[in-house]
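The structure appears right after this line, and notes come after that.
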Amino acid sequence: MEGKKLRQLFLDYFKEKNHHVVRSSSLVPAHDPTLLFANAGMNQFKEVFLGAEKREYNRATSAQKCVRAGGKHNDLDNVGKTARHHTFFEMLGNFSFGDYFKEDAIRYAWDFITEILKIDKNRLYVSVFRDDDEAFDIWNKKMHIPVECIFRFGEKDNFWQMGDVGPCGPCSEIFYDHGEEYGCGKPTCTVGCECDRYVEIWNLVFMQFSRDTEGHMTPLPSPSIDTGMGLERLAAVMQGVNNNYDTDLFQNIIRDIAKKSGHEYGVNHGIDTAMRVLADHMRATVFLITDDVVPSNEGRGYVLRRIMRRAIRYGKKLDLPMPSLYRFVDTVTEEMGGAYPELTKNRKTVAKLVRIEEEQFDTTLEAGLKMLNRMIEKSDGKLDAENAFRLYDTFGFPIDLVEDVCLEKHISVDREGFEQRLEQQRKEGKARSKTRMTEISVENYLFLHDFPETEFTGYDSKAGTATVLAIVRDGKQVKELIAGETGKVLVDRTPFYVESGGQVNDTGILETAEAKGVINRLLMPIKGRRLHVLDLTKGKLKVDETVTLTLDSQRRFAIARNHTATHLLHAALRSVLGDHVKQAGSMVEPDKLRFDFSHFKKISEQELAEVEQIVNRKIMENIPVETEILDIEEARAAGAMALFGEKYGDRVRVVRVPGYSMELCGGTHVTRTGDIGSFVIVSEHSAASGIRRIEAKTGFGALGYFNSFREEHRTLKQVLKTGEDDLPQFVARKLEEIRQLRQAIEKAKVSDNSTTSTEVRLDSETTLLLQEVPGLAPGLMREKADNLKQNRKKTIVFLLTVTDSGCNYLLSATRDMEKHFHSGNALRSIAPMLNGRGGGNQTMAQGGGKWIGKLTDIVETVVAKLKNEVS
């Protein structure tokens, strides 16, 4: 059975069992800094399992795209070398949120495998947690699995936990026996053996406990189910092969690799490994870039770069020319695009980014491999951490690539030392860049589920009345706040926006007839419940009171101007730079906006000017800004762009500037583009590898920016004592005058013979002239030396100029010294004493160093060294 049919059959089966079919989430987990990538089907339901979010359904099923290639879950090193390790894979799963539990989960799994798929029961085995008698009995007494086919394992294999604290529970796994011919041959070979015979195909997690900080476990009030079955492993079973790479999920890609490389699959082990690595890594690459990950030297982008550069190297083993990887993007898209239509939509952008990364790496690959080979030749069987880090830092060589090359030559690598060196660099980077992150302990706010979601009225109003539902002070629910205290206030409705999607909080006032306070921040620890952080300045506030909430409307309007401007900016960037531009982050504040986006080179001044002009043109067109609520699939089909790293429900808000921009967005916006007033780009620079950042201002912020330039213009005219309005032309004219004066001074220094040279005889025929030439530029030292050598024979000239930061020096000899003296070699013997370096040819050599002093201090040493250089 084809892999795509298996995927659909699974989803259809659970749909019939009243499970809500949920679309795969992005590989980039939304609002979860603990994960690099989605690596299991339950990731997108994490907040539901934790109790921070409730959904309209309590049963779900999905086919989740996953990546395990970084952090705790990292299969990268084994990819291509084993039958079942992948960087990208699909996880089929069914989930219960406090609905059914062990018996139904086991029954569904067994029914699907044995009745729907018709897998031979005699090849199936199960495992349970050692103390889980309940699961054991269900398998044995209700599913009629023989006792000898049920295995009890410990916590390492059959107990799951989300983290050190929180939901956890035993699990039960289903294994398939591929047959004795795939076993290790050991008498002890059985379920749980590391060989290829017994393969786990489905894991059923029974989430029934909560573990506290002391390690104590208490039963959950609503036990849940989380299951996961790898599509690739299931396809191998159903297609009668032992290796996942031999299934149709990979074979079409591998056939294309064989065709383009001229190599045949299944003949040579090394070639087979290279093809499997390339097929796997191309799947991961296409999916990651489609989900807005771009190659870089940090975080998710670094993992992608490691995957791509490993693929490039294995492509070279297959004799594929550079660039080649981008040619496989279409193959992966054709294979997977039916289930994941976003691949088809983004295929051109993905191919473009892959090619750019290939071309960038190609320039350093050969040089890096040569250096690595030299390091290996000098090593004593182990490549040290510093050399491994140097290859990473200088040539962008991922440690995996270094290890692959070293492994082929039986050289070990100090991986631990490399990781420590890398972590040191990361810490240094963090020290230079302070990041703000507010951690909220969800467990302290689970009581908020007892209250309805806060109705947000801020799209239409800036003020309104509400009822106080709850007050939290010092982590505890209280009945009232008194003046001078700070607390978190939950109300039934509010015009205040809580920070999300890059837009900052609203601020404002809460008041009653007797009380008044300032709201400076909002929190939403539980989905839909907005807590207002209130500094009560007057009176007393009680639960159930009616309050008036009034936000700072001028601040809100400034934020709205900037938010709508980010949408216009995004569309303008895509228009000028290309469709590969995607939002990678943003910050919308009252006084400015920041917009991060994928792009691989600095934007030219001309391109920036064009972008700025397009945005201002749209502002002047005064286009109405429209919003509507649509089904998520309807919005995507209409072309609405999703925000990087955001999580969306089935119904989404679409913000549209008709004929120009359409994005999924929950933020606040102006009514018409003309309300923005004006737009100016303040800066453009790199935010990370492959990510550019633009900062801009709108409205009064833009006006203030323009006024600052007018004030600078006025001040410059006063300083320069000119009435000319064309300051650039005036300054250019003055700079040219200065340049000519400096040139005249330098020439005067060159021709100046007033400085006395120290003249020393090195032997009976050779003369050495030493002269200190203060302030002489290095470029004019040659001309000075030529002047000193004029009309002289068998003469060597040594010139030295010293500054506050170091020195420059020159050594030059007359032509008749060519057979007896080499200026470059002689200078290299002198340079170390000047804390510098240098070189050159037989008659002329120059260098620079950090030494600071006077020529008279080193004359004797220089003379002694040069005597040894004259033959």
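The values are calculated or read from the model by the stated rules, or taken from the named source; none is laboratory data. Remember, it's a predicted structure, so these values are computed and weren't measured experimentally. Every residue, glycine among them, receives a Cβ derived from its backbone with ideal geometry; neighbour counts consider all protein chains shown. Remember, those area values only see protein heavy atoms, side chains included, never the ligands or the DNA or RNA. Shrake-Rupley method; radii C 1.70, N 1.55, O 1.52, S 1.80 Å.
What is the Cα centroid distance between the stretch 247-289 and the stretch 520-553, reported in whole angstrom?
58
Going 7 Å from the Cα of residue 273 along its beta-carbon direction, which residues of the stretch 367-404 have the amide nitrogen within less than 11 Å of the resulting point?
Inside the label zone: 404.
Show me 536-546, 350-360 ranked by packing, highest mean number of other Cβ atoms within 10 Å first.
Those peptides, ordered most packed to least, come out 350-360, 536-546.
If you count only protein heavy atoms with a 1.4 Å probe, what accessible area per residue comes out for the chain, rounded to a whole Å²? Provide the component values of the computation, followed by the final result.
Working: 40940 Å² over 871 residues.
Per residue, the chain has an accessible area of 47 Å².
Suppose R0 equals 56 Å; then what is the FRET efficiency for residue 120 and residue 621 from their Cβ-Cβ distance, rounded to the nearest 0.05?
Efficiency computed from Cβ-Cβ geometry: 0.25.
Determine the sum of side-chain charges near residue 58: Lys and Arg each +1, Asp and Glu each -1, restricted to other residues whose C-beta is under 14 angstrom from that of residue 58. Spell out each step's value before the answer.
Working: positive: 17, 54, 55, 59; negative: 53, 56, 99, 104, 226.
With Lys, Arg at +1 and Asp, Glu at -1, the net is -1.
For residue 589 and residue 407, what is the calculated FRET efficiency with R₀ set at 60 Å and r taken between the beta-carbons, to the nearest 0.05?
0.75
Within the stretch 455-486, find all residues whose amide N lies under 19 Å from a label point positioned 7 Å from the Cα of residue 56 along Cα-to-beta-carbon.
Under 19 Å, as judged by backbone N against the label point of residue 56, lie 455-456 of the stretch 455-486.
For residue 379, tell me the accessible area in Å² from a 1.4 Å probe, rounded to the nearest 10.
The accessible area of residue 379 comes to roughly 30 Å².
Which GluC sites (Glu not before Pro) in the stretch 231-316 sit in a loop by DSSP (not H, G, I, E or B) and have at most 14 other Cβ atoms within 10 Å of their own Cβ?
264, 298
Explain nothing, just compute: Karplus ³J(HN,Hα) = 6.51 cos²θ - 1.76 cosθ + 1.60, θ = phi - 60°, for every residue of the stretch 306-323 in order, whole Hz, x for Gly and Pro.
Residue by residue, the stretch 306-323 yields 4, 4, 5, 6, 5, 5, 4, 5, 5, x, 5, 5, 8, 6, 7, x, 9, x Hz.
Evaluate the distance, in nm, between pseudo-label points positioned 7 Å from the Cα of residue 455 and of residue 366 along their respective Cα→Cβ axes.
7.0
Per-residue counts of other Cβ atoms within 10 Å, averaged by peptide: what ranking do you get for 53-64, 768-779, highest first?
53-64, 768-779
Let me know the shape class of the chain, please: from the alpha-carbon gyration tensor, a ≥ b ≥ c as square roots of the eigenvalues, rounded when a/c is under 1.5, otherwise prolate if a/b is greater than b/c, or oblate.
oblate
Would you work out the Kirkwood radius for the stretch 4-128? I mean one over the mean of 1/r across all pairs of different Cα atoms, in Å.
It is 16.1 Å.
Give, as a single signed number, the net charge of other residues whose beta carbon lies under 13 Å from the beta carbon of residue 626, with Lys and Arg counted +1 and Asp and Glu -1. Write down the numbers at each step before the final one.
Working: positive: 653, 656, 672; negative: 628, 663.
Surrounding charge for residue 626 is +1.
If you plug each phi of the stretch 219-233 into the Karplus form 6.51 cos²θ - 1.76 cosθ + 1.60 with θ = phi - 60°, what whole-Hz ³J(HN,Hα) values come out, in order, with x for Gly and Pro?
With coefficients 6.51, -1.76 and 1.60, one gets x, 6, x, 10, x, 10, 10, 9, 10, x, 9, x, 4, 5, 5 Hz.
In debye, nearest 20: dipole of the chain around its Cα centre with unit charges on the Cβ of K, R (+) and D, E (-)?
2780
Tell me the net charge near residue 699. Cut-off is 9 Å between Cβ atoms, residue 699 excluded, with +1 for each Lys or Arg and -1 for each Asp or Glu.
Summing Lys/Arg as +1 and Asp/Glu as -1 gives +1.
Please compute the modelled spin-label separation between residue 4 and residue 32, points set 7 Å along Cα→Cβ, answer in nm with one decimal.
Using points 7 Å along Cα→Cβ, the separation is 2.8 nm.
Expressed in nm to one decimal, what extension gain is obtained for the pair residue 467 and residue 499 from 0.36 nm per residue of sequence separation less their Cα-Cα distance? Please list the in-between numbers first.
Values: separation 32, 0.36 × 32 = 11.52 nm, distance 2.18 nm.
That works out to 9.3 nm of additional length.
If the cut-off is a Cα-Cα distance under 16 Å, which lysines reach residue 81, setting aside same-chain residues fewer than 8 apart in sequence?
Candidates past the 8-residue exclusion: 317.
Would you mind calculating the gained length between residue 610 and residue 634 on full extension (0.36 nm times residue separation, minus the Cα-Cα distance), in nm to one decimal?
5.4 nm
Taking the mean number of other Cβ atoms within 10 Å as a proxy for protection, how do you rank 34-43, 205-214, 729-738 from highest to lowest? Kindly include the intermediate steps, with their values, before the conclusion.
Working: 34-43: 21.8, 205-214: 18.4, 729-738: 11.5.
Output ranking for 34-43, 205-214, 729-738: 34-43, 205-214, 729-738.
Express in nm, to one decimal, how much length is gained between residue 788 and residue 195 on full extension, taking 0.36 nm for each residue of separation and deducting their alpha carbon distance.
Gain on extension, residue 788 to residue 195, equals 205.4 nm.
Considering only protein heavy atoms and a 1.4 Å probe, what is the carbon-and-sulfur percentage of the accessible area of the chain? Write down the numbers at each step before the final one.
On the way: 19360 of 40940 Å².
On the chain, the fraction of accessible area on carbon and sulfur atoms equals 47 percent.
Using the basic label-point model (7 angstrom from Cα toward the beta carbon), what is the residue 374 to residue 868 distance in nanometres?
So the label points at residue 374 and residue 868 sit 2.6 nm apart.
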